[in-house]
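Quick notes on the structure that follows.
The values are calculated or read from the model by the stated rules, or taken from the named source; none is laboratory data. Nothing here was measured: the structure is a model prediction, and the numbers come from that model. Here the Cβ is made from the backbone with ideal geometry for all residues, glycine too, and neighbour counts use every protein chain on show. Note: accessible area is taken over every heavy atom of the protein model, side chains too, but ligands, DNA and RNA are not part of it. Shrake-Rupley method; radii C 1.70, N 1.55, O 1.52, S 1.80 Å.
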Amino acid sequence: MGVSAEARRVVEDLLAYIEASPSPFHAVAETMRRLEAAGFGRLDERESWRLEPGARHYVTRNDSSIVAFVVGAEAPAEAGFRMVGAHTDSPNLRIKPQGEYEKQGYRQLGVEIYGGVLLASWTDRDLGLSGRVVVDSDGPRTRLLRVDRPLARVPQLAIHLNRAVNDEGLKLNAQQHMPPVCGLVGDEPAFRDWLAAEVGVSSGRDILSFELMFHAVERPTIGGLGGDFIFAPRLDNLASCHAGLGALIAAAAKPVAATRLVAFYDNEEIGSGTNQGAAGSFLEDVLLRLVEKAGGGHEAWTRARARSLMISADMAHAVHPNYADRHDDRHMPRINAGPVVKTNANARYATQAESTAAFIRLCREVEVPVQDFVMRSDLGCGSTIGPLITTRLGVAAVDVGNPMLSMHSAREMGGSRDPELMTRVMTHFYS
Ligand code: ZN
């Protein structure tokens, strides 16, 4: 089945967004770039804000989380907030502060495992490096770093030296087996000196600190005999950020009563318990200011939240043909068959009947099919930012996401038509 021109435009734009975003810092920078091109102005949490109805703004925290909004024609207490939430981070390997060491004539970089990494997927891949570096240049200065050259690799052990691997499975110890090799002893600059040259300072001594992570350098692409798929890293959850951002920008020019916003958070993959994470105060702080700037006090704050809805968007598990028994028989999301509503009776998702109904109606109004997911009753369920936000803020929410395979792999897989379907529903939500 072919891909419509609009679906192709959306999916190619998604691939470009992912390509531009190897780290949460880059995801926020790319999101800012797109927002500014669409007339959104930057705000600083430290400053006083002036907000007019219809105005478009964004604000960041830690350069890795971002909230962007269009001020509603009516006060939040009367019209509420329409929100899309997603996350900017993905599981990966992160370099330790004193990471560099030598072993058996190799130079290696010690790594911590960030989030629920499918470790095997990081072996035998050409790895680039990205993140941020703070240098001493008349005071601390933060530099974004991105290197797409293949700098390092986690080589698998040859099968001749590990004969049982296919029967017993590949066992990887994070400390022992995951540090990439990045060179041979004696033939290159020390890591910190190399880093200094990359960020334009004279020596490794000028590097004060860094947060650096590896990424597979292979480019995102459309795949499959008929172009049904996308093969890309970080679909979880840049695909949801991309849909929410595209929808907000597409709908921004049309005035509506509600204040519309996106909240994209760092640190979902490690539980969200950080200053800039979804369990922190970032969104609450922004919403409270929006209520106050519209002249509201404490009652208005409560009324505004009670009138609000958040679409918590994170990727969903498509049924895998080789492991179909891992799904409940009646809840097997298919690729390119539309957004998935994720439900869990034990509230690992924020979805409730009324928020589900609201989402299904939105889908019907723009002719987008909807699917359902619940975990098998004998398997533990993952979670999202949805329950954290509903608990903290007291707003209704529905957890949804596009279906995908290989979640948390260094190279994931989704559908080429699903991005347009999700973007269409969210654009309608904001219209
Ligand atoms: Zn996710």
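Residues in segment 312-320: is at least one on the phi < 0 side of the Ramachandran plot and more than 16 Å from the ligand (Cβ to nearest atom)? Yes, segment 312-320 contains at least one residue that is on the phi < 0 side of the Ramachandran plot and more than 16 Å from the ligand (Cβ to nearest atom).
Here is the figure for segment 309-328: residues that are part of a strand (DSSP E or B) and among the hydroxyl-bearing types (Ser, Thr, Tyr) total 1.
Please verify whether Val134 is assigned to a strand (DSSP E or B) and in contact with a Phe, Trp or Tyr (Cβ under 9 Å, 6 or more places away or on another chain), treating the condition exactly as stated. So Val134 passes the test.
I'd like to know if segment 329-338 contains one or more residues that are in contact with a Gly (Cβ under 7 Å, 6 or more places away or on another chain), open to solvent by less than 50 Å² (accessible area, probe 1.4 Å), within 20 Å of Asp236 (Cα to Cα) and of a type in the set (Gly, Ala, Ser). Checked against the condition, which is being in contact with a Gly (Cβ under 7 Å, 6 or more places away or on another chain), open to solvent by less than 50 Å² (accessible area, probe 1.4 Å), within 20 Å of Asp236 (Cα to Cα) and of a type in the set (Gly, Ala, Ser), segment 329-338 yields no hits at all. The single condition among (1) open to solvent by less than 50 Å² (accessible area, probe 1.4 Å); (2) more than 16 Å from the ligand (Cβ to nearest atom); (3) part of a helix (DSSP H, G or I) that Asp167 does not satisfy is (1). Please verify whether segment 77-99 includes one or more residues that are touching a His at 6+ places or on another chain (Cβ under 6 Å) and within 16 Å of the ligand (Cβ to nearest atom). Yes, there is a match, as at least one residue in segment 77-99 is touching a His at 6+ places or on another chain (Cβ under 6 Å) and within 16 Å of the ligand (Cβ to nearest atom). Scanning segment 291-300 for residues that are in a helix (DSSP H, G or I) and in contact (Cβ under 8 Å) with a residue 60 or more places away in the chain, we see that the one that is surrounded by the most Cβ atoms within 10 Å (Cβ to Cβ) is Val291. When the criteria are applied in full, Asp63 fails the requirement of being acidic (Asp, Glu) and within 16 Å of the ligand (Cβ to nearest atom). Scanning segment 73-90 for residues that are in a loop (DSSP other than H, G, I, E, B) and on the phi < 0 side of the Ramachandran plot yields Ala73, Glu74, Ala75, Thr88, Asp89, Ser90. Among the residues making up segment 301-311, those that are open to solvent by less than 40 Å² (accessible area, probe 1.4 Å), aliphatic (A, V, I, L, M) and more than 16 Å from the ligand (Cβ to nearest atom) are Ala304, Leu309. Counting only residues that are under 14 Å from Ala251 (Cβ atoms) and open to solvent by 10 Å² or more (accessible area, probe 1.4 Å), segment 67-92 holds 3 of them.
Among the numbered conditions (1) more than 26 Å from the chain's Cα centre (by Cα); (2) assigned to a loop (DSSP other than H, G, I, E, B); (3) surrounded by 17 or more Cβ atoms within 10 Å (Cβ to Cβ), the only one that Cys182 does not meet is (2).
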